[in-house]
Amino acid sequence: PSFLPSFPPPFLLPPSSPPSFPPFCPPFLLSSLPSSLDPSFLRSSLAQDISHLLTSLFKNLYTLDVIGEDIGRNLIKSRGGENVRHEKFVDELQQLRDEYIQKLADTDMVERHIIQARARALAEEDRILNNIKAQGFGTAYLPPVRSTFRWCVDGELLRKSSLICPGDYIRDPLPFSRAPKGNVSLPECYKMTFSSRQHSVGADNVQVTEMASKEKLPAIPSEVSLSTLTKCSTPDVKPPKTYHFPKNKMWVNHLNTTQRVQERRLLARLENQHSFLKNPRFFPPNTVDGGKSLILPVKKTGAAFFFSFPFPSRNFDDAPVFLPKPSVAFFTDYVIGPVYEIVLELQNVTSTSRPLRVLPPSTPYFSLGLGKFPGKGGLVAPGMICQYTVRFAPDSLGDFDDFILVETQAARTLVIPLQARRSPPILTLALSLDCGYCLVGGIKMTRFICKNVGLSTGRFCIMPKSSWPPPSFRAVAKVGFVEQAPFGILPAVFELVPGQELLLEVLFLPTSLETVEKSFIIVCDNCQIKEVIISGTGQLAALELLYVSGEASHPEPGELTDLTAQHFIRFGSQNIQTTTSKHLVVRNLTHVALPFHWQIVKPNLLPLMLGEIWRSKDIKYYPDSETAFYVTPGKGSLQPHADHEFILSFSPEQLKNYHSVIQIVLEEVPVPIGLENENICELPYAMDDIIALEIEVKGSVEPFQILLEPYAIIIPGENYIGVNVKKDFKMWNNSKSAIRYTWEKISDCHIVEVEPYTGVIDPNEKGEFELNFTGGVPGVTSQELLCKIERSPVPVVLHIEAAFKGPTLSIDVSALQLGLVRLGKKAVGFVSIQNTSQLPAKWKMRESPACLKERKEKVSPFIIRPPRGRIPPLGQLRVTVLFEAKCCRSLRTVLELQVENGEPSYLPVYGEVQRPYVYLMSSQLVLSDMYFGIPTEATVTLFNGTLLPTKFLWGKLLGTHSSLCLVDVCPRNGLLGPNEEKQVYLRFTAFTMDELTDLALLCHIEGVKKSLVLGISGKPKGLDVTFSIPQDQEPSSPQDLCLDFGSSVPLRFFPTSLEAESSLYTVLFLDSIETLLSKEKGAAFFPHVSQGTLDAFQKLTVDITACSNMWGDYHDQLICKVGGGGLAHVGVSRARQRTSEEPRRDGRKGVQLGVFPGHIRIDWETYSPEENEDKLLDFLVVYGTPFPLRDAAGVEMDSKEEPTSDSSFVASSSHGEDSFSPMAEGSPNIISVILQPHEGVRSDHPYTITPRQLVIPAAGSSSVHVSFTPMLLPGSVSKMVCKSYALGFMSLDNKIAREIPGKVKRPQNFDAELFRLDLQGLVRPAAHKVVARVRAGGLGRDQPCPLWPDFQVLPERVITHRLKVNNFTDLAHCFGLLVAPPFSVTGINPEYNRRILDREVEDEEEEPARDQFVLNPQQNMLVGQVSFTLSLELLTYQKLPSDQMLPGVTILQDEDGARKMEFSQELVLEYANKTTQVVPLLAIVSIPSLQLSTSWVDFGTCFVNETYTREVTLLNLSSCRSHWITLTDKQERHKAIFQVYPTSGVLEARKVNSPPTSTSLYIHFTASCEYEAVVTVDGILGEACILHMRGQGSYDEKY
């Protein structure tokens, strides 16, 4: 068409009757043919080898190794692990193996069946051949008989196995089974051929000829081909000649019998000489001599006799000569411009070469090319074909028909149809479009969904029916609306591709009150049309008041009413601020939704005389701002032709009568106009608000009437304060309406309240109340309690009078006696307070302020505990009174007890305060018999001169010789009772020989500043001492005393006194080795008691300890000096095995060694424990120095100059011995053999110590670092303990430090004690705690499918959650995030945790580095967005079968029919050590699920041309909104027998715990005859359901 020249060809509209599509060869474009094609390319190896193509397409699937039978069997046997993916892979592998084994079994079964069938066929053929031989033909070499294989094999079994069966290539009809005959037919090999019969001469020729004339031609067997037709001659082209003898038999008398036979032979011979064989192609095919047909079967009639020839019988007029391929030349999918062609083949199906002539098509759209014949001369041999090229050049997209005539020797001309059909587009647009109702003068736009459900693109033009056919499409094609008053359609021209849809907008502008129908034509660019009828109805706005609740209201006689009000409503008398309501029902009389609002105006009151009429100028509308009436809802929309309920409420605020008019105003009602201009776009359009209904309302108001019973309450007697007193009273409501009351509460001094304090009392009803009065202070009180009435300006007052009293307390004693109190001490007294009332009493006790004022003191010396409190009714409390004596005096005072809301009480207090006085009976002690170091005993007497108990304490000894004396007093301290005399025992020891004259011993008395002094004097005497050592080391002579410490045992020696007096002793060493530790030389000897006193006849043990901070063997001399005697020399020796160690661990997992007096080198070796019972000892062989000195790179260093000797280490002896120098070291050992217990093997994994060689400086410290490199944990292990140990071998590089002759010698390396460091580490898998943070509005477990909000389909929707990753370990973790679609991870926060792993790129195809994140210890990071992307492609998975469902996708269905899609994936946290942590991800999407209330609608038998309607409910079972459309099959759509309304719509989502949302489908059936149809309700997201419809028409009037 000329109106859409630039668009591609569209799809066709559905035709009125669908065309039949015969089989055809696909056409091709002339432009698509290659210009040249090298035949050698097709035969080349490059064209045959497609491995490179398979590799590029399937990649690893084509090149990977095949899983063999052994590998597959091993994988299946070893299943059962925790890897879900591996288990799924093994399941699929087992299924494939089972399927492979089953196919092998089926193949073996088919092969076995074929072998058995061949054996049975061979046996049957042998049987038939043996029967023929048994009939007497055994001397000839017989050819094989016909194969019976087709009867022995199962053809269906071969077809199921995709094999060729005999039925596919043997086309002869199956023989009918008949009863066996008596005579036996000759085998085919013994029968004479037609040629042999023609050459044979004999008497039987005539008989044979006559018999042949009665037989039919034999059928050509399926084994006969074109090459076998030349083996035998065909019969005569003329029918066999028969002899008709005349009825007159007189001629037999002319010749005798012999002569007559001879003459007949001569005539037959003469005739045979002239009857030669002619070419069959010169005879028409409908004759006997015209040749045999290769496609028509030949039927045999009659029985065959020996040497008889069957001749065929056929219908010559129906025998085709040429068979066209294809029988119909069919073109599809064409466009304007290109030329299409198809090859037409004509095959000769006769057994004779035939000529032909082809007449070209008659239309210019089809053309015929030159023919291609298999040979020269224009003849086509039997079975051969000739080819003609048919070309098709369309000038439009319509349907084209033509034919080709093929003239042959047949009686009928062969007609080959030429057809061009293009698959039409199919629109889902109903034949009748109803725009519904619209107000006259208004505009209504209705949208209809038009979707192309065909298979091709279509372009369409809409025009009025009166404009069809148009003179030119350009004249009717418009850009805007297609107008035909009162309708307009937009767009006028549009294009739809298959599956595309658009909204067809129809404007309806009614101008009258009637139903209007207009016809429009939709023209497709394939020249097909479709008529659409658009209808609409115009209406005027109108309302009607149907119902008013309550009694009917009428104006009273003479009462003024509004002039224009249509209805009158009166409310009864009401109280102020009360609300009463009436229900109004208003009907919308139109089928159009009308927006409205209510307004309240003052009434138009005008007194009219009888017969007087008001005028329009008397009507004034003023808003009534003081009205008490209101209507709910106040605004909204009136649904089409529906009843709407409103509530008219009367709520007065003042005491007056109310009178108003309520009006319902319709908003933006169009003004009716006339159709003066047919152009609807130029019609004037005016909108205005109109008053559709007026109601006059009146109401009156009266005050509340309330009465109290009684009006005042007087409580008799005297009540305790705090006790609740209850009284009952009533309140009557004599008002018109219910009242809501609220009693106030009094709580200043007294508590007065009413129960219930608030509530509602109905009209003419009473309320019963209870008064609760709780006294707060003693005395008589009068109260006024108010009750507020809601909406009443005046409250109700209740008068109340009552009297109250408080609690009473008493003290159990009349006075408090404190007695005698020491100065500075405290006295305690107890008082019991009794509550004699039934109320709890709050009290407070203190000293009387008057007494304090009298003593002129500001602070009271009394402390009362508790000073205040609360005593329960009839309760008792004990109070502690504490008095502090600060001065000596006689105490007379009063304690005051105050009671809250009660009378006070007073308590007198008495007491005496004094200080202590103690002295010695004798202040001087003289000791006459006293020895040096020997204790001397004496007695001292103390006397207490007061009644106060007093403590005493003996102090230190003072004087010139106090440091040389020892005093022991028993008891050293104690307590003196009142006026008590006490003796004290004194033990005195002197350690000097000087006379004692100025010694003084102090005695401290509690509470007395000055101490007592006891003087001591006397003269001490002298003593004698001997020495000894332990018995196990006792020498042979006293001069050879020697103390051997060994390696760890401390020794002792025993000085013994041989005299009756004490002696002083001193212990010291010859070479002062006890000071070597301070001089950093490694060892020291010191006695526990270096000096002291040896008593008379006393054996004293002195312990001597050897201390060293460095290993080695030490020797020295011990000198002991006792009193004034000579010196005792004792030898001392000590062997130290290992130096001291001070290991510590810091935050760097390092080990620090303690302080040593010399430079020590330690060589470290790490070992892994090994539990091997067969290995007990380690045999070590060392060549040279076991641990040579190495540099920083670990290379052995040459011997350097030995350090000079440390002169400070060698000390001069007291006997003047010469100092010694280090001895020259002997030759070192070349090979050393060492045996040690086996505990482990050397290993640098998982622990490593650096540096391996460590030098600890003298008086210093050094650190070594232990590094721990854990191994990867197996999959099933959650934690693992790694144990190891390190051995430190100590060496001394200084020769002097190694040995000092006679004093010190130190072993090293393996000879020294090893330094062992145990190592232990715990390995756990890297794991984070992941906490989900759900964003508001996110997709939870059940969310509806959100792909088309606001009627617009979205390609995808992204739902995000947030995850928080916590690292609660002490290590920083580096990890990456992996997730598979449709899940994704974006927006990691904070960004400083992100890092890119650096690695060298060796290949361009290497995968790019993924983002890695570092999470420090005890920190967290926020994964920005874990997103789930829901797309239309994902929703297509719901249609996949369960065995083809993608991994991670599951279709769920609830009991109520709702369907959901569950997407499950895993968020993998891949750590730097290749371990992973899995976080499951789950998204459940609710998908629409539609269901019909019934699947069949049977209208039964209906009267013809009458329309019947059935209602079917469409349900939405899911929680997702569904946009649906109804589709009817093609035939029923055009016949308009069944119609569905509405054709589309939206079903809202089903709410939780609510029934499914539904809508009604109306099925219209217009009876004509018996019909069935199918309606498909299809959703935009793939949901669908099918409705079958059935009905039958009848002219019987009973229907």
Sparsely packed trypsin sites (Lys or Arg not before Pro) within the stretch 711-794, loop by DSSP, other Cβ within 10 Å at most 14: Lys745
For Ala1193 and Lys1019, calculate 0.36 nm times their separation in residues minus their Cα-Cα distance, and state this gained length in nm to one decimal. 54.7 nm
Other-chain or far-sequence residues with amide H under 5 Å of Leu816's (modelled H): Val909, Tyr910
Over the stretch 688-762, with the other protein chains present, what is the accessible area per residue in square angstrom, probe 1.4 angstrom? 53 Å²
Between Arg357 and Val335, Cβ-based FRET efficiency (R0 30 Å, step 0.05) works out to 0.35
Yeah, the stretch 808-935 with a ≥ b ≥ c from its alpha-carbon gyration tensor (a/c under 1.5 is rounded, else prolate when a/b outruns b/c, oblate otherwise) is prolate
Accessible area of Val328 in the full protein assembly, 1.4 Å probe (Å², nearest 10): 20 Å²
Distance in nm between label sites at Glu709 and Val1468, each 7 Å beyond Cα in the beta-carbon direction? 8.8 nm
Karplus couplings for the stretch 84-101 from phi (6.51 cos²θ - 1.76 cosθ + 1.60, θ = phi - 60°), rounded to Hz, Gly and Pro as x? 5, 5, 5, 4, 5, 5, 5, 4, 5, 5, 5, 4, 5, 5, 4, 5, 5, 5
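Could you calculate the contour length gain from Val1331 to Ser1384, that is, 0.36 nm times the residue separation minus the distance between their Cα atoms, to one decimal place in nm? Show your work: numbers first, answer last.
Values: separation 53, 0.36 × 53 = 19.08 nm, distance 1.72 nm.
This chain segment gains 17.4 nm when fully extended.
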For Val821, net neighbour charge (Lys/Arg +1, Asp/Glu -1) across residues whose Cβ lies under 11 Å away: +4
Which FRET efficiency value, to the nearest 0.05, is calculated for Val1281 and Thr1450 with the Förster distance at 41 angstrom and r the Cβ-Cβ distance? 0.45
Sort 1189-1196, 661-668 for me by packing, meaning the mean count of neighbouring Cβ atoms within 10 Å per residue, highest on top. 661-668, 1189-1196
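Please work out the average accessible area per residue across the stretch 428-495, using the 1.4 Å probe convention, and give it in Å².
Numbers: 2820 Å² over 68 residues.
Heavy-atom accessible area per residue stands at 41 Å².
For the stretch 547-668, count the residues as N, evaluate 2.2 N^0.38 Å, and divide the Cα radius of gyration by that value, please.
Numbers: Rg = 15.8 Å, N = 122, 2.2 N^0.38 = 13.7 Å.
So the Cα radius of gyration is 1.15 times the expected 2.2 N^0.38 Å.
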Heavy-atom accessible area order for Arg870, Arg1362, largest first, 1.4 Å probe: Arg870, Arg1362
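Quote the FRET efficiency, to the nearest 0.05, computed for Ile1586 versus Asn657 with a Förster distance R0 of 56 Å and r equal to the Cβ-Cβ distance. Don't skip to the end; give the middle numbers.
Values: r = 68 Å, r/R0 = 1.21.
In this case the efficiency is close to 0.25.
Send over a whole-number figure in Å² for the accessible area per residue of the stretch 499-652, probe 1.4 Å.
Working: 7980 Å² over 154 residues.
About 52 Å² of surface per residue is accessible.
Under 12 Å from the Cβ of Leu693, count the other residues' Cβ atoms, weight Lys and Arg +1, Asp and Glu -1, and hand me the total.
Numbers: positive: Arg587; negative: Glu544, Glu694, Glu696.
It works out to a net charge of -2.
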Tell me, what is the 1.4 Å probe accessible area of Tyr1508, in Å² to the nearest 10? 60 Å²
Simple spin-label estimate for Ile533/Glu82, 7 Å along Cα→Cβ, in nm, reads 7.5 nm
Euclidean distance between Cα centres, the stretch 802-857 to the stretch 451-523, Å: 111 Å
Carbon/sulfur accessible area of the stretch 747-824, % of total, 1.4 Å probe, equals 50 percent
Label point distance in nm, Gln924-Ser810, each placed 7 Å from Cα along Cα→Cβ: 7.0 nm
Ignoring ligands, DNA and RNA, what percent of the accessible area of the stretch 1261-1322 is carbon or sulfur (1.4 Å)? 51 percent
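Under the 0.36 nm per residue contour assumption, what length would be gained going from the current alpha-carbon distance of Cys749 and Met445 to full extension?
Values: separation 304, 0.36 × 304 = 109.44 nm, distance 7.66 nm.
101.8 nm is the gain from fully extending Cys749 to Met445.
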Excluding ligands, DNA and RNA, the carbon-plus-sulfur percentage of the accessible area of the stretch 940-987 with a 1.4 Å probe reads 57 percent
Please give the Cα centre distance for the stretch 982-999 versus the stretch 614-671, rounded to the nearest Å. 126 Å
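The values are calculated or read from the model by the stated rules, or taken from the named source; none is laboratory data. Just so it is clear, the structure is predicted and the values come from calculations on it, not from any experiment. Every residue, glycine among them, receives a Cβ derived from its backbone with ideal geometry; neighbour counts consider all protein chains shown. Quick note on the areas: whole protein, heavy atoms, side chains included, nothing else; ligands and nucleic acids left out. Shrake-Rupley method; radii C 1.70, N 1.55, O 1.52, S 1.80 Å.
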